[in-house]
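The values are calculated or read from the model by the stated rules, or taken from the named source; none is laboratory data. For clarity, every value in this text was computed on a predicted model and none was experimentally measured. Reconstructed Cβ throughout: ideal geometry from the backbone, glycine too, with neighbour counts over all protein chains shown.
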Amino acid sequence: MFVEDCLEVGAIVVPEQGQTHQLIHVLRVRAGEGVELFNGRDGSYHAQITELGKRHVSLHVTMKVHDQHCLPDLWLAFAPLKKARIDYVAQKVVECGYQHVCPVITNRTQAEKFNKDRFQANMVEAAEQCAINVIPGIDDPMSLESFVRLSLDRQIFLGDEGGEGAPAWEVLGRHQPGVPSVILIGPEGGFDDQELAWLRGLAHVHPMGLGPRILRADTAMVVAAALWQARLGDLTSPPRFALV
């Protein structure tokens, strides 16, 4: 369970109202049972339920069970999508191991606004369900041009639906692990011709193809992450399993 509190052995944590309702009325916990806590900074800790009332739960942190997870230096830049699909993106950002999220506004972006708090809440829920104790960072939306110009220190791997990029496996294979990277995925309908021409002309942008099929934007983010993680990331590392 994600909490904002600093975590250390001996600390007392009082969950916020929604979490308290979840523990009491959904999970139906009992005094003396254990809960795993994380805050995205201090690792994961086992906590014991010491007080349990109708509307109150108190947790006593008893031991550390995992160090803080480290993510590869991979960012996702994408054009915000509509409600149901943006929720899916938030979940997959966590599961695919993206370290940071950058919503970018393109000429064909269809979503009228980006709900940062909702996106954050969906990332937290995904981390809780998958026993991942780190929450990716997230920026406020910015223009595509602003993002690209602020990312000169990163290699940008562009999902190029125009067919001019070499296969992603080949493009990624030209780089070494440890390179700070961005996966850049366009909006529904793709980047327009002007945007693609500009991006393809930048030295730190590497167009790459994601196969012969047209992918929805939310699917492309997952496919690109899997390829990057296999080539340059942590996909060969063994899985981590919760101990409590």
Residue within the stretch 137-158 that is more than 24 Å from LEU227 (Cα to Cα) and hydrophobic (A, V, I, L, M, F, W, C) present: yes
Residues of the stretch 1-12 satisfying the condition of being without any contact (Cβ under 8 Å) to a residue 60 or more places away in the chain, closer than 25 Å to ASN122 by Cβ and either out of contact with any Phe, Trp or Tyr (no Cβ under 8 Å at 6 or more places or on another chain) or not in a loop (DSSP other than H, G, I, E, B) (or both): GLU4, ASP5, CYS6
Conditions (1) in contact (Cβ under 8 Å) with a residue 60 or more places away in the chain; (2) touching a Phe, Trp or Tyr at 6+ places or on another chain (Cβ under 8 Å): number failed by THR109: (2)
Selection count where residues are among the aliphatic types (A, V, I, L, M) and loosely packed, with under 15 Cβ neighbours inside 10 Å, scope the stretch 143-178: 2
Tally, over the stretch 68-85, of residues that are without any contact (Cβ under 8 Å) to a residue 60 or more places away in the chain and either closer than 19 Å to LEU184 by Cβ or aliphatic (A, V, I, L, M) (or both): 1
Test: VAL182 is surrounded by 17 or more Cβ atoms within 10 Å (Cβ to Cβ) and more than 13 Å from LEU74 (Cβ to Cβ): no
Unique residue being surrounded by fewer than 17 Cβ atoms within 10 Å (Cβ to Cβ), farther than 19 Å from ALA226 by Cα, modelled with pLDDT of 95 or more and not assigned by TED's automatic domain parsing to the domain that holds HIS46 when the list is GLN129, GLN120, GLN110: GLN120
Filter result for GLU125 (part of a helix (DSSP H, G or I) and of a type in the set (Asp, Glu)): yes
Residue within the stretch 46-59 that is surrounded by fewer than 19 Cβ atoms within 10 Å (Cβ to Cβ) and within 30 Å of LEU184 (Cα to Cα) present: no
Strands (runs of 3 or more DSSP E) contained in the stretch 13-110 and holding at least 1 residues under 30 Å from ARG216 (Cα atoms): 74-78, 100-105
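Every residue, every condition in (1) assigned by TED's automatic domain parsing to the domain that holds GLU125; (2) within 13 Å of the chain's Cα centre (by Cα); (3) among the polar types (S, T, N, Q); (4) closer than 16 Å to ILE132 by Cα, yes or no:
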position: GLU4; (1), (2), (3), (4): no, no, no, yes
position: ARG30; (1), (2), (3), (4): no, no, no, no
position: GLN48; (1), (2), (3), (4): no, no, yes, no
position: HIS60; (1), (2), (3), (4): no, no, no, no
position: LYS83; (1), (2), (3), (4): yes, no, no, no
position: ALA90; (1), (2), (3), (4): yes, yes, no, yes
position: CYS102; (1), (2), (3), (4): yes, yes, no, no
Enumeration of residues in the stretch 95-119 that are aromatic (Phe, Trp, Tyr) and in contact with a helix residue (DSSP H, G or I) (Cβ under 6 Å, 6 or more places away or on another chain): PHE119
